[in-house]
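Participant: Have a look at the structure that comes next, please.
The values are calculated or read from the model by the stated rules, or taken from the named source; none is laboratory data. These figures come from a predicted structure and were not determined experimentally. For neighbour counting, all protein chains shown are included, and Cβ atoms are generated from backbone atoms with ideal geometry for every residue, glycine included. Surface accessibility is based on the protein's heavy atoms, side chains included, excluding ligands, DNA and RNA. Shrake-Rupley method; radii C 1.70, N 1.55, O 1.52, S 1.80 Å.
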Amino acid sequence: MPLRRHPFLYVDPFSGASGDMFLGALVDLGYPFSRLREDVSALGLPGLTLRRRRVTRAGLAATQVKVQAAGGQPHRGRREIRGLLRRARLEPEVRHRALEVFEGLIQAEARIHRIAPDRVHLHEVGALDALADVVGTVSALHALGVEEIVAGPVNVGSGTVACEHGVLPVPAPATAALLSHAPIYAAGEGELTTPTGAALLRALVSEHAPLPPALVEAVGHGAGSREVPGRPNLLRLLAGRRAVAPDGAGRAGGTVEIRAQMDDADPRLLGHLMDRLLDDGALDVYFAPIQMKKNRPGVLVVILARREAAGALGRRLLDETPTLGYRVVAVERQERERRWEKVRTPYGSVRMKVADDDAGAPLATPEYEDCRRLAQARDIPLRRVLEAAAAAWSRRASPGATAAPRRKR
């Protein structure tokens, strides 16, 4: 039976987030557990198994998925994890997303320990847990057709947590680094959001905001491993599709700006990126030169888009450039009403984009692509076609005007 697709997903980490909570919530949402096992087995790692059971947390039913890993595994660093994911039987999109999640996790560990990313090694069993959590989550989201993920504020918990380096305050240093872009708060004892959960949120979520207008078609609850006094220890996922606000304002939530800055992008990629973003439905794209840290010249990429297209455009940005993330900001867009009208020129028909200003006088601009096509077809300067189109519109707008006499040849 084909899976029901859910283009929109809202992640509600009201009691934190971890890799196994994501897995449990996705299974609870309707993703087949047998298929999740197949996804994880694609890693080709012996001794890595999944266990599922139904549980309750503070009276609410949920699914718990636990990753069980055999001991004696080697320590895996950046190079080993990349190699393992590239050799795994994964779809290209899933492999790319999983690599992105791990790159965020490794970069965070490198920063807090002040070592090179290639020297970071994840703990032996923890690395296996994280591999299963990340690959399983990304595979399920891909199979469910999720195009956009929005999340609420992240509950990180409070107190301390015991780890390989001793007893540390919550949130753990890697978790705090990974959630530097997100709104966080502390409610409940202990570590509620783990580094793997934070890495998944950072890589997959396009925006942290209250639940927008949406048609919710499925709800999943993924259980944490322990009871938390005063609240159900669950990660909640709400899946469906965007909906127009009840007051009818805007289309599926309005307009957003997607911004990313980078100092390591090959300039040859940027022109191609702009074309692809516009093909994907961006309303506008522009680049601006900026000065970044360490006095490096960089480029700011700004994409104007309808909110429902933000997820797909953000993925295109991550796919086509070396950036590790982007920001999404809601904006208001005021537009003139516009229409298309055609004028005839000596070179052919040209569409004019026409809008009325506040005084009622029409503003008209020749459509560039029409003019370029005619100029190329006749091997004449583009400006000549643009001028002819503007003149044809002027004659139409002022029908009483007398045409200039033709010069005798």
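Participant: Can you give the angle from 0 to 90° between the axis of helix 267-279 and the longest principal axis of the chain, with both taken from C-alpha atoms, to the nearest 10?
Facilitator: So the helix axis and the longest Cα principal axis differ by about 80 degrees.
Participant: Let me ask something else. Return the carbon/sulfur percentage of the accessible area of segment 179-312, one whole number, probe 1.4 Å, all protein chains in place.
Facilitator: C and S atoms contribute 52 percent here.
Participant: What area, in nm² and to one decimal, does the C-alpha convex hull of segment 284-360 cast on average over all directions?
Facilitator: Average projection, Cα convex hull of segment 284-360: 9.5 nm².
Participant: To the nearest 0.05, how large is the calculated FRET efficiency for residue 54 and residue 396 if R₀ is 60 Å and r is the Cβ-Cβ distance?
Facilitator: 0.25
Participant: By average Cβ neighbour count within 10 Å, what is the ranking of 18-26, 203-211 from highest down?
Facilitator: Highest to lowest by the protection proxy: 18-26, 203-211.
Participant: What order, most packed first, do the peptides 314-325, 231-242 have when packing is the mean number of other Cβ atoms within 10 Å of each residue?
Facilitator: Highest-to-lowest ranking by the protection proxy: 231-242, 314-325.
Participant: Right, another one. So for the chain, considering every pair of alpha-carbon atoms, how many percent are separated by more than 42 Å?
Facilitator: Cα-Cα pairs of the chain separated by over 42 Å account for 27 percent.
Participant: Quick one: grab the alpha carbon gyration tensor of segment 91-185, order the square roots of its eigenvalues as a ≥ b ≥ c, and give me rounded if a/c is under 1.5, else prolate or oblate depending on whether a/b is larger than b/c.
Facilitator: Note, shape of segment 91-185 comes out oblate.
Participant: Which aspartates and glutamates have a Cα lying under 17 Å from the Cα of residue 66, excluding residues fewer than 8 positions away in the same chain?
Facilitator: List returned: 20, 28, 38, 39, 124, 129, 133, 227.
Participant: For segment 130-211, just say rounded, prolate or oblate: build the C-alpha gyration tensor, square-root its eigenvalues into a ≥ b ≥ c, call rounded for a/c under 1.5, and beyond that prolate if a/b exceeds b/c, oblate if not.
Facilitator: oblate
Participant: First check a/c for segment 1-103, with a ≥ b ≥ c the square roots of the eigenvalues of its C-alpha gyration tensor; if it is under 1.5, answer rounded, and if not, answer prolate when a/b is larger than b/c or oblate otherwise.
Facilitator: Prolate is the answer for segment 1-103, as a/c is 1.5 or above and a/b outweighs b/c.
Participant: Moving on. Taking a probe of 1.4 Å, how large is the accessible area per residue of segment 1-149, in Å²?
Facilitator: 44
Participant: Let me have the relative contact order for segment 5-88, percent, based on Cα pairs under 8 Å that are six or more residues apart.
Facilitator: 29
Participant: Ignoring everything except DSSP H segments at least 4 long, calculate the 222 nm mean residue ellipticity for the chain; use -39,500 (n - 2.57) per segment, divide by total residues, nearest 500.
Facilitator: -10500 deg cm²/dmol
Participant: Using amide H atoms built 1.01 Å from N in the peptide plane, name the residues 5+ places from residue 14, or on other chains, whose amide H lies under 5 Å from its own.
Facilitator: So residue 14 has HN proximity to 236.
Participant: Within 10 Å, count the other beta carbons around each residue, average over each peptide in 150-159, 255-264, and list them highest first.
Facilitator: Per-residue mean Cβ counts within 10 Å order the peptides as 150-159, 255-264.
Participant: Using the heavy atoms of the protein chains alone and a 1.4 angstrom probe, what is the accessible area of segment 165-237 per residue in square angstrom?
Facilitator: Roughly 41 Å² per residue, with all protein chains present.
Participant: Dipole of the chain, Cα-centred, from +1 at each Lys and Arg C-beta and -1 at each Asp and Glu C-beta, to the nearest 20 debye?
Facilitator: 1500
Participant: Report, in degrees rounded to the nearest 10, the 0 to 90 angle that the Cα long axis of helix 382-397 makes with the longest principal axis of the chain.
Facilitator: 70
Participant: Here is a further query. Note the angle between two axes, namely the Cα long axis of helix 195-204 and the longest principal axis of the Cα atoms of the chain, as a number of degrees from 0 to 90, rounded to the nearest 10.
Facilitator: 20
Participant: Say the dipole of segment 264-324 comes from +1 at the beta carbon of Lys and Arg and -1 at that of Asp and Glu; which of 305, 321, 295 then lies farthest toward its positive end?
Facilitator: 295
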